1. Residues that are under 22 Å from the mean Cα position of the chain (by Cα) and within 16 Å of Ser121 (Cα to Cα): which strands (runs of 3 or more DSSP E) entirely in segment 1-74 hold 1 or more of them?
2. Please work out which one of (1) open to solvent by 50 Å² or more (accessible area, probe 1.4 Å); (2) part of a loop (DSSP other than H, G, I, E, B) is the condition Gly90 fails and give its number.
3. Scan segment 1-35 for residues that are among the hydrophobic types (A, V, I, L, M, F, W, C) and open to solvent by 30 Å² or more (accessible area, probe 1.4 Å) and report the count.
4. Quick one: Gln77 ticks every box in (1) free of Cβ contacts under 8 Å to residues at least 40 places away in the same chain; (2) in a strand (DSSP E or B); (3) out of contact with any Cys (no Cβ under 9 Å at 6 or more places or on another chain) bar one, so which box is it?
5. Can we say Phe273 is assigned to a helix (DSSP H, G or I), open to solvent by 70 Å² or more (accessible area, probe 1.4 Å), out of contact with any Asp or Glu (no Cβ under 7 Å at 6 or more places or on another chain) and modelled with pLDDT of 95 or more?
6. Among (1) within 30 Å of His192 (Cα to Cα); (2) assigned to a helix (DSSP H, G or I), which single condition is His122 missing?
Amino acid sequence: MHWKKVTLLGVGLLGGSLGQALRQRRLADSVTGFVRRAATAKECQRFGATDRATLDLREAVTDAELVVLCTPIAQMQSLVAGMCKFLKPGANCYRCRERQRLRVETLSPLVKKAGAHFVGSHPMAGSEKTGVRAARADLFVDAVCVVTPTRGSHRAAVRKVTELWKSVGSKVLLLTPQAHDQIVSRSSHLPHVVAAQLSNLVLSPHTAKHQAMLCANGFRDTTRIASSSPEMWRDIALANRQNLLGAIDSFVGGLTEFKRALKSGDPNAILRFFEQAKSRRDTWSKSAADHSPE
């Protein structure tokens, strides 16, 4: 698939990586980035994320065949409302972020009214690092990208977004927005909450003097994602709060059972807890590389 003009609304880690991939693989004649600061516009071209970057929404969107929304959740609705007047009829608009159901329900009608097509998608790729400086052209290679069509989705647009992510190396999985939000609340959102609380607890200024010195690789690996953008994760947690609350309840329930076994000194229950975790994690780790959803 080849695009004449692709516009990235937001050129941070995800948008910048997609721009680099599109340009390096020559999948677009031009890649334009819409950013909010002049300094970011310069960085977009410095790091090869776009052919040009602009602070002018009209300039960014006009004549684009493909518009990819890579902005934070809180900014997305107002940005889409502003861009719709400049959309080319028949243009394809894809969302490249967490939390699908609410955004599909609110953004799709706006885009449809402008004569364009909207499809949600979420590449399961990223880093605790932010900004276009952290972008990598290979970020999406072998990563799973979830595409979330609805009954009203334009079939050709769904096919094109699927081809887009495959063309940059991703494995595509089709899910409903509701199923996506429920699953990622456990596999993505809950781990961020756990990593954040572990960091808050262990690195509290009220802990022992030498506590931080005794935090080695296990702590570093487990809490890496706690260094992600606090603002972004605030918005994600609030947007998917019902599913995340359910995931937290299940997690706390498991910890409560372990606490009960530890309090009673039950060696068999404690062993089963760790054995089950190891077995499940090892099985997942071995199969992950070969997992190729269609």
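1. 3-9, 66-69
2. (1)
3. Counting residues in segment 1-35 that are among the hydrophobic types (A, V, I, L, M, F, W, C) and open to solvent by 30 Å² or more (accessible area, probe 1.4 Å) gives 1.
4. Among (1) free of Cβ contacts under 8 Å to residues at least 40 places away in the same chain; (2) in a strand (DSSP E or B); (3) out of contact with any Cys (no Cβ under 9 Å at 6 or more places or on another chain), the lone unmet condition for Gln77 is (2).
5. It is true that Phe273 is assigned to a helix (DSSP H, G or I), open to solvent by 70 Å² or more (accessible area, probe 1.4 Å), out of contact with any Asp or Glu (no Cβ under 7 Å at 6 or more places or on another chain) and modelled with pLDDT of 95 or more.
6. (2)
For (1) open to solvent by 40 Å² or more (accessible area, probe 1.4 Å); (2) free of Cβ contacts under 8 Å to residues at least 60 places away in the same chain, each residue gets a yes or a no:
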position: Leu214; (1), (2): yes, yes
position: Asn217; (1), (2): yes, yes
position: Arg224; (1), (2): yes, no
position: Ser229; (1), (2): no, no
position: Arg241; (1), (2): yes, yes
position: Asn268; (1), (2): yes, yes
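The values are calculated or read from the model by the stated rules, or taken from the named source; none is laboratory data. In this text, all values refer to a predicted model and were calculated from it rather than measured experimentally. Note that each Cβ is placed from the backbone with ideal geometry, even for glycine, and that neighbours are counted across all protein chains shown. The protein model used for the area step is the full one, side chains on, heavy atoms only, and it has no ligands, DNA or RNA in it. Shrake-Rupley method; radii C 1.70, N 1.55, O 1.52, S 1.80 Å.
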